[in-house]
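The next block holds one structure in the form of structure tokens; read it before the comments.
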Amino acid sequence: MFNWILKKIIGSKNQREVRRLQPSVRRINEIEAGLNELPDEAMRAKTLEWKDRLAKIEDPAALAAALNEILPEAFAVVKNSARRLCGRQMTVCDQPLAWNMVPFDVQLVGGMILHRGRIAEMATGEGKTLVATLPVYLNALTGRGVHVVTVNDYLAKRDAEWMGQLYTFLGLTVGVIQNDQPPEYRRAQYQCDITYGTNSEFGFDYLRDNGMATSREQQVQRGHYFAIVDEVDSILIDEARTPLIISGPATISTHQYDKFKPLVEQLIRKQAILCNQLASEAKEALEAGRRDEAGRTMFKLKLGQPRNKPLLRLMEDPEVRRAMDKAELEFYKDTDGKAALVALKEELYFSVEERQHDADLTEMGRSYLNPDDPNAFVLPDLLTEFADIENDPALDVAGKTAAKAARQQHCDNQAERIHNITQLLKAYCLYEKDVEYVVEENKVMIVDTFTGRKMPGRRWSDGLHQAVEAKEGVQIDRETQTLATITIQNYFRLYEKLGGMTGTAETEANEFHDIYRLALNVVPTNQAVRRVDENDRIFKTRREKYSAAIEAIKLAHGKGQPVLVGTASVEASELLGRMLKLQKIPHTVLNAKYHMQEAEIVARAGLKGSVTISTNMAGRGTDIKLGEGVSELGGLFVIATERHESRRIDRQLRGRCARQGDPGMSRFYVSFEDDLMRNFGASDRMTKIMETFGLKEGEELEHPWLNKSVETAQKRVEQRNYLMRRRTLEFDDVMNQQREVVYGYRNEVMDSENPRTLIQEVIAEVIPKKVASFLEAGEGEEPDPDGLLQWINSTFPLGLTREKAALDTRSVDENSEYLTKTIRDAYEQKAALENPDALRGLERYIILNAVDRLWQEHLYAMDGLRDAVYLRAFGQKDPLVEYKNDAYAMFVDLMDTIKAEVLNNLFRSTTNLQAFEQLLASLPQSLLRTDPLAAPTRQAAASSPTEMNEPESPKVFELPIKREMPKVGRNDPCPCGSGKKYKSCCGRTA
Ligand code: ADP
Ligand code: MG
């Protein structure tokens, strides 16, 4: 009841909002009618005039107001130009095409919604590609670059070429980003008024620009003003599950997957034997009428091996299944039940939670893996151990610190082992070959379970990928380390204004609002929708379900009605293909390899007699036009063989038919064996309904109530998935703030005309801190002037002796000033010897190099931290809070370390080696000999309290002159700033 009222209110709010745009639509049409007489050049002249005018406005609010003012006329100009283009022949993606579109009124409405920075929900076939041109044109007039984001490269190219006709007619430039373009080419594309591309290309360009480019010239993007995201749900929701990551091989690798693989395999075999036994027990109990016992046994079996074949067969009987569900419910009912569940799991070697995607080793499993040491796979209780160490009278302060460090190390090792085993268990029990991944060319490649598409280059995080590699016996790639990363969410938050369009956004309205601050309007269709959505057909088993679907296809095909079959996986597509072949029904299976081919196949799916099988979202963005005589047969028939986890994807599939007022129908086939039903829908109620109807083999059910049940299950999954995405984002937000600081600083360095001032700033900031840390004695500490001199002399070639520095003659502040000045002077002296043009490049390089190297190390540490905080969650701590606190402390350290590193490299890099050597030779020689006064240790660069407390192993410091240049990769840009690669510039002689 309440829902109904709510819907009514929301529905009418949307109607009100859309209705309020009507006067603007009328206005646009009036203006447009008056444009017919003008020559073509007048259109371009208007573009130029507006561009000139807007270029002068700097204030964002004033600019937005100016755009709103221009809107009716600008939209009219676009509409009128579209009219002028009608009949023009063109080639789009090598296909001939005639322009035949003039925006409908609803398209004008959609365009205004996008311009306002909202999501326009417009059904498939409503012409969203054209809709975008209206706000794109208007906003491109600012000259600040408008991005249009598509789901794949092919669509980016298609839309850029197709809509480009209109833009270029109007005098604007259009670019398109494709996967294989070199940087110079990309930059040119971004310089255009309008740029089409996919979200990952845009995102990766951003990461490369800010995390890797070492000069402005290497950056390709020029800001983030306005983006329109096509198929916005697919990009901002589905794709947002995996962040964009640029990674390289990790410097250290700790995994032991290959070592543990045989052990885990034994364990899995053991469990399989156990589970088959359980299956027989369950069968026996059933035959003897001991239903409750059978239910419990089956539930245990499900925990041990969720995809056990006999189990799946047993579950085909709804009564048996109900017994199992009942047993499960008992366990989750109360604390007693939960205790019993723990005990039940302990009778297995490990337990698998299919729903949570988790696997856990049990006591029995642990002792099987390591019979001698039952604690080999348990985390030590660090807190108690630390307290014991603290209270140990036999240990002095250093001894305590060392003992704690040793225990910490032990704990880390244990955690790593447990982690390896758990990931292997997951790889074996939850990740199926050819479903979640495929093996090709000795590599494990992830398959997007939504689209069935392979995702080359992407890797599961957290060691899972290596675990699967170990399982498949392929080369285990070195752990990769994150070099730069951003979530899709945070990338799109960079834009000042964001608009989105899709056929299906309504079910996710909350998420769009909460995460992207995107409001949503549903735009009515141009023609009334004539699609018939039938009730779901529900079966006991998959087999029955597929047979029924095949029958339906056969029936429709017999009449010549085209059928589009949507499946939830590549596996299901292939199975159906084989079944159709047996029936001798000609068909096409979409094997999502090339987007373009895919688009061509899907485009033909509406022709008479065609049968097309494809995964749910393949071919998205391609229009399915009905062939001749198909309307009379009822239009395109969409059949789905499974309900997807998300209602949105189902709606998307239904929307493939009945576009622009065409007839069409959709029907879903569901079975109790489907994952969705097994995991989320096997409610008592559903089984009860089934029993009331007395369902027999091969029989089907359909009823609106059952649809409701299925949708409730879907809502539950959607909610869970949303929470997971939000979690990812909450964690990334922490990093996002840090990334903004670091990227901001990097850009400042790159832009700086005079990087020397930045270096002087670092000196002025670090030296007083250092001086204070050595000379200002804390409680129970002595000032350490020798330590200070040692640090100075190992960082700068000053050769300061005790006598010469005479630190004891000055106050702490005076010493700061004195040393800062001395170092500055020495640096000025060195700088005077350098080649002045190259010096700026070198100075930038010194800073950027420090930032990048340490930021990447920091990212690596942050990855580790993320795992670590989950372990702390056992101690009742909120992982996110822990993560935030530690991440902050680490970041403060990072900034200090970066500055220290800059100082370290200041005198170790030169553009003029000869002059530099002479300078060094002229400096006091004390630098070059080991000073007997203090042991030549190098103080930890960071001044954080934690690092200061840790015992430092003394390291003999290297003479600075040994490394006259910071390490440069052969393909890196040359530090001299020439813009050439190092190997073909200064590196050639080396
Ligand atoms: P969507 O992205 O909304 O599913 P498309 O942009 O792919 O739809 O367009 C669907 C089809 O409708 C295309 O063939 C396109 O040419 C056609 N179309 C769009 N707008 C118009 C229009 N105003 N007049 C005629 N045809 C149109
Ligand atoms: Mg589209």
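Its residue count N sets the reference 2.2 N^0.38 Å, and the alpha-carbon radius of gyration of region 200-295 equals 2.14 times that reference. A convex hull fitted around the alpha carbon atoms of region 47-136 yields 123 Å³ per residue.
Helical runs assigned H by DSSP (4 residues or longer) give the chain a calculated mean residue ellipticity at 222 nm of -17500 deg cm²/dmol, each run adding -39500 (n - 2.57) before division by the residue total. Pair-distance distribution P(r) for region 528-669, from all Cα-Cα distances in 10 Å bins starting at 0: 13, 48, 35, 4 percent. Here the Kirkwood formula puts the hydrodynamic radius of region 99-230 at 15.1 Å, using every distinct Cα pair. Projected over all directions and averaged, the alpha-carbon convex hull of region 141-217 occupies 5.1 nm².
The packing ranking of peptides 362-373, 553-564, 235-246, highest mean first, is 235-246, 553-564, 362-373, where packing means the average number of other beta carbon atoms within 10 angstrom of each residue. Can you check how the C-alpha radius of gyration of region 565-642 compares to 2.2 N^0.38 Å, as a plain ratio? Against the compact-globule rule of thumb, the ratio is 1.05. For region 529-535, backbone phi angles converted through the Karplus equation (6.51, -1.76, 1.60; θ = phi - 60°) give residue-by-residue couplings of 7, 10, 6, 10, 9, 7, 5 Hz, Gly and Pro being listed as x.
Quick one: grab the alpha carbon gyration tensor of region 438-579, order the square roots of its eigenvalues as a ≥ b ≥ c, and give me rounded if a/c is under 1.5, else prolate or oblate depending on whether a/b is larger than b/c. Cα axes put region 438-579 in the oblate bin. Sorting the segments 737-746, 596-605, 128-137 by their mean number of nearby beta carbons within 10 angstrom, highest to lowest, gives 128-137, 596-605, 737-746. What angle, in degrees between 0 and 90 and rounded to the nearest 10, separates the Cα long axis of helix 879-906 from the longest principal axis of the Cα atoms of the chain? Around 40 degrees separate the two axes. Ordering 858, 357, 587 from the fewest to the most neighbouring beta carbons within 10 Å gives 357, 587, 858. Around the Cα centre of the chain, unit charges on the Cβ atoms of Lys, Arg, Asp and Glu (plus for the first two, minus for the last two) sum to a dipole of about 3600 debye.
Between the listed residues 273, 202, 212, the Cα displaced farthest toward the positive end of the dipole of region 150-284, a dipole computed from Cβ unit charges relative to the Cα centre, is found at 273.
Are any of the pairs 270/471; 302/433; 770/804; 426/545 more than 23 Å apart by Cα-Cα distance, and if so, which?
On the way: 270/471 17 Å; 302/433 20 Å; 770/804 19 Å; 426/545 29 Å.
Long pairs (Cα-Cα over 23 Å): 426/545.
A viscosity of 0.890 mPa s and a temperature of 25 °C, combined with the Kirkwood radius over Cα pairs in Stokes-Einstein, give a translational diffusion coefficient for the chain of 75 µm²/s. With q set to 0.10, 0.13, 0.19, 0.20 Å⁻¹, the log10 of I(q)/I(0) for region 332-438, from the Debye formula over equal scatterers at the Cα positions, is -0.45, -0.68, -1.02, -1.06. The listed peptides 98-110, 516-528, 280-292, 153-165, ordered by packing as a protection proxy, come out as 153-165, 98-110, 516-528, 280-292 (highest mean of other Cβ atoms within 10 Å first). Antiparallel beta bridges, as assigned by DSSP with both residues in the chain, represent about 30 percent of the total such bridges. Computed from Cα atoms, the angle from the helix 785-795 axis to the main principal axis of the chain rounds to 60 degrees.
In the chain, the longest principal axis of the Cα atoms and the axis of helix 812-833 are about 80 degrees apart. Cβ-to-Cβ counts within 10 Å put 192, 657 in ascending order as 192, 657, the fewest first.
Read-outs: derived from the displayed coordinates by stated rules, not from any lab. Everything numeric in this text was worked out from a predicted model, so none of it was measured. Reconstructed Cβ throughout: ideal geometry from the backbone, glycine too, with neighbour counts over all protein chains shown.
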